């Protein structure tokens with residue numbers, strides 16, 4: 001009897017079964033690693049704590065830049081020029097104070113419980129084209145609104161706790177925290193958007209019940225990578241004490257160094273993703 005078919009089982013079949021077993025074991029190992037390193041999704045800081053940290057960091061940077069500028073000015077500006085500059089500054093301050101008396105910006109703070117950040121993409125899940133939405137209400141920030149002159153409005157840093165983003169699939173949630181956004185690591189826990197410029201306003205002024213659209217350009221940091229992006233925003237002045245609205249941008253996840261892990265049952269994940277903020281913000 002041939003050795004290749006002893007006991008009724010061919011050697012090629014045995015080899016094939018071993019390869020299948022090894023492949024299955026490797027897949028199980030990958031899935032197990034992702035599940036274990038994905039963590040529980042519990043935030044390490046509240047949104048308020050992160051905003052306070054961010055504001056303190058921005059203030060320290062602004063103070064350092066201001067001090068450096070003063071040192072340079074003291075070195076290179078002669079006394080006569082310094083007097084002229086002081087007079088010009090006094091004039092500018094007076095004009096600014098007069099303008100402020102006419103139009104005082106109002107600070108609106110995002111209410112986390114009534115707001116949310118989300119991402120949307122598509123993938124093939126077990127052979128079925130699926131729309132994936134991940135969301136969290138762990139988002140915060142503030143908006144300074146000038147009702148008489150919307151173009152003079154400004155937006156502070158917006159923070160999103162990426163660790164708390166959830167989809168309809170617990171394993172996908174773990175993969176987000178472990179392999180994609182790496183938000184299980186404290187240094188990548190928060191997505192931060194720092195607005196730099198507001199432009200393309202659709203209205204020169206707003207009153208209660210009015211809506212306005214505009215663009216918000218700034219620096220978006222995801223998983224330690226910062227890129228310049230522009231959100232399309234729409235805001236409604238619900239009342240003198242509340243605004244609501246949304247902002248959305250389409251991104252290529254590769255631009256932020258995000259890599260989709262190769263796991264069983266998932267394929268053809270879209271290269272781009274929509275990042276959206278829906279918010280309610282109140283004054284006071």
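Every number here is computed from the coordinates shown, using simple stated rules; none is lab data. Values in this document were obtained by computation on a predicted structure and should not be read as measured data. Heads up, the Cβs are rebuilt from the backbone with ideal geometry, glycines too, and the neighbour counts pull from every protein chain shown.
At a glance:
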| quantity | calculated |
| --- | --- |
| Listed peptides 169-179, 112-122 by packing density, highest first (mean Cβ within 10 Å) | 169-179, 112-122 |
| Peptide ranges 40-51, 182-193 listed from the most packed, as the mean C-beta count within 10 angstrom indicates | 182-193, 40-51 |
| Dimensions (Å) - region 129-284, Cα atoms, principal axes, largest first | 55, 32, 26 |
| Separation of alpha-carbon centers, region 214-281 and region 125-187, rounded to whole Å | 7 |
| Mean separation of Cα contacts under 8 Å (6+ apart) over length of region 207-284, as relative contact order % | 28 |
| Ranked 273, 111, criterion: other C-beta atoms within 10 Å, fewest first | 111, 273 |
| Where labels lie 7 Å past Cα in the beta-carbon direction, separation of residue 199 and residue 250 in nm | 2.0 |
